[in-house]
1. Just give me the residues in the stretch 1-29 being farther than 16 Å from residue 56 by Cβ, aliphatic (A, V, I, L, M) and surrounded by 13 or more Cβ atoms within 10 Å (Cβ to Cβ), in sequence order.
2. Considering only residues that are more than 12 Å from residue 171 (Cα to Cα), in contact with a helix residue (DSSP H, G or I) (Cβ under 7 Å, 6 or more places away or on another chain) and among the hydrophobic types (A, V, I, L, M, F, W, C), which ones fall in the stretch 116-137?
3. Output yes when any residue across the stretch 107-126 is within 24 Å of residue 24 (Cα to Cα), among the small types (Gly, Ala, Ser) and part of a loop (DSSP other than H, G, I, E, B), and no when none is.
4. Pick out the one residue from 158, 187 that is touching a strand residue (DSSP E or B) at 6+ places or on another chain (Cβ under 7 Å) and either farther than 21 Å from residue 26 by Cβ or surrounded by fewer than 18 Cβ atoms within 10 Å (Cβ to Cβ) (or both).
5. What are the residues in the stretch 165-212 that are more than 19 Å from residue 138 (Cα to Cα) and in contact with a helix residue (DSSP H, G or I) (Cβ under 8 Å, 6 or more places away or on another chain), if any?
6. Among the candidates 65, 41, which residue alone is assigned to a loop (DSSP other than H, G, I, E, B) and either surrounded by fewer than 16 Cβ atoms within 10 Å (Cβ to Cβ) or out of contact with any His (no Cβ under 7 Å at 6 or more places or on another chain) (or both)?
7. Somewhere in the stretch 176-185, is a residue more than 20 Å from residue 21 (Cα to Cα), touching a Cys at 6+ places or on another chain (Cβ under 9 Å) and in a strand (DSSP E or B)?
8. Quick check on this structure: which one of 74, 172, 89, 138 is assigned to a loop (DSSP other than H, G, I, E, B) and either touching a Phe, Trp or Tyr at 6+ places or on another chain (Cβ under 7 Å) or surrounded by 16 or more Cβ atoms within 10 Å (Cβ to Cβ) (or both)?
Amino acid sequence: MGKIHVAVVTGHHNFDVPGFQQLLDSMPQATFYLQDLHNFVSDEGKFNETYKAVIFYNFHQESPVTSQAQDARLVQAIDKLAQNGQGLLILHHALLAFPDWTVWNQIVGISNRKFRYATNQTVETEVVAKNHPITDGLQRWEMIDEIYGMIDARDDSQFILSTRHPDSMKYLAWTREYKNSRVFCYQSGHDNLAFSNPSFRQVISQAINWLIE
């Protein structure tokens with residue numbers, strides 16, 4: 001079987017591009033297409049339906065206004081992903097994108113996404129769902145990362161990873177369904193201290209495999 005195609009959507013937040021690219025390059029099962037949200041929505045190459053999964057790593061704050069053409073295309077693009085059953089991976093600050101957009105609330109499973117954050121924290125990650133394909137072969141690990149203090153996802157989510165850090169949300173990773181799509185949300189992943197961590201990389205790689213099953 002050939003490589004799967006995965007879009008990586010960014011924008012409105014700085015990040016370590018070489019470090020992030022090395023993370024993507026560590027996953028040989030996929031070809032990744034790094035692009036900003038505008039290019040993804042415009043889809044000039046007519047390729048969006050080819051992607052088996054989409055990683056969102058963007059931080060746009062304004063809710064789409066459907067009376068505006070570009071915003072209407074964004075709403076349609078997200079809805080089409082969900083109708084097609086393409087996998088959705090919502091990574092780190094993308095959990096905080098579109099804070100007042102009901103659709104994004106439904107995707108991530110958190111309606112009130114007000115948050116606090118702290119950088120360079122020692123985060124001990126514990127495996128909650130020990131028999132889930134995303135956590136296969138993983139054990140508790142520690143890494144330096146940014147944390148968010150916010151409410152956890154709703155109970156209709158399956159919780160995958162957690163932490164006991166006193167200033168962090170309890171659950172760091174969870175799965176959901178949105179229309180026909182599988183969804184994986186992961187709070188970790190601020191910079192190369194996370195990107196280069198073997199356990200973090202394993203989570204992302206196995207999550208992609210799970211999303212496209």
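Read-outs: derived from the displayed coordinates by stated rules, not from any lab. What you see is a predicted model, and the numbers here were worked out from it, not measured in a lab. Here the Cβ is made from the backbone with ideal geometry for all residues, glycine too, and neighbour counts use every protein chain on show.
1. Answer for the stretch 1-29, where residues must be farther than 16 Å from residue 56 by Cβ, aliphatic (A, V, I, L, M) and surrounded by 13 or more Cβ atoms within 10 Å (Cβ to Cβ): 4, 27.
2. 134
3. Within the stretch 107-126, none of the residues are within 24 Å of residue 24 (Cα to Cα), among the small types (Gly, Ala, Ser) and part of a loop (DSSP other than H, G, I, E, B).
4. On the way: 187 fails: either farther than 21 Å from residue 26 by Cβ or surrounded by fewer than 18 Cβ atoms within 10 Å (Cβ to Cβ) (or both).
After applying the criteria, what remains is 158.
5. 176, 178, 179, 180, 181, 182, 183, 190, 191, 192
6. Exactly one residue qualifies, and that residue is 65.
7. Among the residues of the stretch 176-185, at least one is more than 20 Å from residue 21 (Cα to Cα), touching a Cys at 6+ places or on another chain (Cβ under 9 Å) and in a strand (DSSP E or B), which makes the answer yes.
8. 138
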